[in-house]
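The values are calculated or read from the model by the stated rules, or taken from the named source; none is laboratory data. Values in this document were obtained by computation on a predicted structure and should not be read as measured data. Every residue, glycine as well, gets a Cβ built from its backbone with ideal geometry; the counts of neighbours run over all protein chains shown. Only protein heavy atoms, including side chains, enter the accessible area calculation; ligands, DNA and RNA are left aside. Shrake-Rupley method; radii C 1.70, N 1.55, O 1.52, S 1.80 Å.
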Amino acid sequence: TPNKISSNEGLDVNTFGLPLIGICFLWLTKTWSRMKFLNKFGAYKVFAKMDSANLKNSSGLLGLTGPLNNEHAIEAGRVMERVWIKLNDLGLSVQPNFVIPDQLYRLKQKNIAPSLIHQLVETERKMHSELNIHGFLYILLRIGYCKEQPIRSKRLAIR
């Protein structure tokens, strides 16, 4: 809401740089009950196609990898924050993509739908062979220069 935005509470939807139809789509998918209903009609496929199109059309991708354990997961988060801040300082925009790492983590934990296992195993194989990624992919960052200066989200003051 405008009140929350002005008090730096929450995330201003304008930071996404979406057209009006995109903002309406966000509102439509605001609650899990709505998403559950829309998924009956294949909304999850639309999201997947949009997400993969963003990756395919990106200027650059940066993946943070390492051994899969708690210590390295925390370190990957720290590195991500430093890299993100540095890239922003250099005038680059950063968009995180966690879909692939999340699905690969679920695969490692054997917590994935059986119908997705083959596809994820193949995705992981391609990542290792074609992209020369070794270790576990913690996060994928889509990076590039924006055509327009993006609206930055505000932050709550440190108390």
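Ordering 14-20, 61-67 by mean Cβ neighbour count within 10 Å, with the highest value first, yields 61-67, 14-20.
Share of carbon and sulfur in the accessible area of the chain stands at 59%, probe radius 1.4 Å. Distances between placed amide hydrogens fall under 5 Å for residue 63 paired with 141, all partners being 5 or more residues away or on another chain. With the simple model of a label 7 Å out from the Cα in the direction of the Cβ, residue 54 to residue 130 spans 2.0 nm. With N counted as the residues of the chain, its alpha-carbon radius of gyration over 2.2 N^0.38 Å works out to 1.17.
Each eigenvalue of the Cα gyration tensor of segment 24-118, multiplied by 5 and square-rooted, gives one semi-axis; in descending order these are 27, 21, 13 Å. Could you list the residues of segment 47-74 with an amide nitrogen less than 12 Å from a label point located 7 Å from the Cα of residue 90 in the Cα-to-C-beta direction? What the label zone holds, given the 12 Å backbone N cut-off, is 60-62.
Per residue, the chain exposes an accessible area of 76 Å² to a 1.4 Å probe, with every protein chain left in place.
Rounded to whole numbers, the Karplus 3J(HN,Hα) couplings from phi for segment 114-127 are x, 5, 9, 4, 4, 4, 6, 4, 5, 4, 5, 4, 5, 4 Hz, using 6.51 cos²θ - 1.76 cosθ + 1.60 with θ = phi - 60°, and x at Gly and Pro. Is the C-alpha gyration tensor of segment 34-88 telling us rounded, prolate or oblate? Criteria: a/c under 1.5 is rounded; beyond that, a/b larger than b/c is prolate, otherwise oblate. Prolate. Beyond 12 Å, the tail of the calculated P(r) for segment 4-54 holds 72 percent of the Cα pairs. Spacing of the modelled spin labels on residue 47 and residue 21, each 7 Å from Cα toward Cβ, amounts to 2.0 nm.
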